[in-house]
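The values are calculated or read from the model by the stated rules, or taken from the named source; none is laboratory data. For clarity, every value in this text was computed on a predicted model and none was experimentally measured. Note that we place each Cβ from the backbone using ideal geometry, even for glycine, and neighbour counts take in every protein chain shown. For accessibility, only protein heavy atoms count, side chains too; no ligands or nucleic acids. Shrake-Rupley method; radii C 1.70, N 1.55, O 1.52, S 1.80 Å.
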Amino acid sequence: MKQVDYSFLEYTYNSEQLPTNVIQQRLKQLGFTKRTRNTQGNVAIYTQNLCILMLKTGLVQDAGLSGIGFICDRDVINNINAQLDPDDTGMYIIDNYAGLRTLLMPEQDFSELRKSLQHIEKTTTSDEGGLTYVSGIIYNNTNARMRDFYQEIGFKFTRTGDRYFTFMSPNNRFTILMDTQNDDGKIPTLICDTNDVFITTANYVSSGVVLKKFDIPK
């Protein structure tokens, strides 16, 4: 069976609508550090512990998550006929049949990238709090062919609930919750793990991050 291991998320924004310095400031508030960028300057990698985010500029209407990145061996890339990404990410790409980019990085290339990552911008981060890793997403899409695609690359269909179809990655560290009540193709929610949710929340409040408001019944 073809299998992949989850590695990172891709976020695309239009720099003419949302200035790059605004994006960079918001990521800094969330605790991310810029590590490297490509020669054209339109793709940059940001990290926070085991969270890896590939930030990319493009002609998009709305900024948002545009792809999921996986590590795999070259046999997987050849077997599913993935093509070299024309957007100069240096990876291979195949569509998930529902518009979300699937980025594939050969394991050997990922090892080289990890060795070459260097700080472009030095930031001081606290040892306490912060995000540890991204453990899943909520995906507003239930396209039948798309569900087959994820199973073909090794995801396990683990649960059918009242609202969500649950798919688990082969390495059991990334979950896709497919929202059966919304089919706009967007990813409205990231699921992130932290070692201390209280310290992390306090750090976000002190750094100016706007938190979501919840109506709590009396």
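The table below lists the values:
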{"read-out": "For T194, residues with placed amide H under 5 Å, excluding near neighbours", "value": "T132"}
{"read-out": "Phi-based couplings in Hz for segment 133-146 (Karplus 6.51, -1.76, 1.60; Gly and Pro marked x)", "value": "7, 8, 9, x, 9, 9, 10, 7, 6, 10, 3, 5, 5, 5"}
{"read-out": "Long-range amide H partners of V43 with built H, under 5 Å", "value": "N38"}
{"read-out": "Protection proxy ranking of 208-218, 68-78, 139-149 - average other beta-carbon atoms within 10 Å, highest first", "value": "68-78, 139-149, 208-218"}
{"read-out": "I52 long-range amide H proximity, modeled H, under 5 Å", "value": "L9, V134"}
{"read-out": "Label corresponding to mean projected area of the Cα convex hull in nm² when calculated from the structure given, among (1) 19.6; (2) 13.6; (3) 11.4", "value": "(2)"}
{"read-out": "Computed helical MRE - 222 nm, the chain, DSSP H runs ≥ 4 contributing -39500 (n - 2.57), nearest 500", "value": "-6000 deg cm²/dmol"}
{"read-out": "Lysine pairs meeting the criterion (Cα under 13 Å, 8 or more apart or interchain), as found in the chain", "value": "4"}
{"read-out": "Vicinal HN-Hα couplings computed from phi for segment 11-17 (Karplus, 6.51 cos²θ - 1.76 cosθ + 1.60; Hz; Gly/Pro x)", "value": "10, 10, 9, 9, 5, 7, 9"}
{"read-out": "Packing rank of 172-185, 93-106, where each peptide gets the mean count of other beta carbons within 10 Å, highest leading", "value": "93-106, 172-185"}
{"read-out": "Protection proxy ranking of 4-15, 150-161 - average other beta-carbon atoms within 10 Å, highest first", "value": "4-15, 150-161"}
{"read-out": "Surface accessible to a 1.4 Å probe, per residue, for the residues of the chain, Å²", "value": "58"}
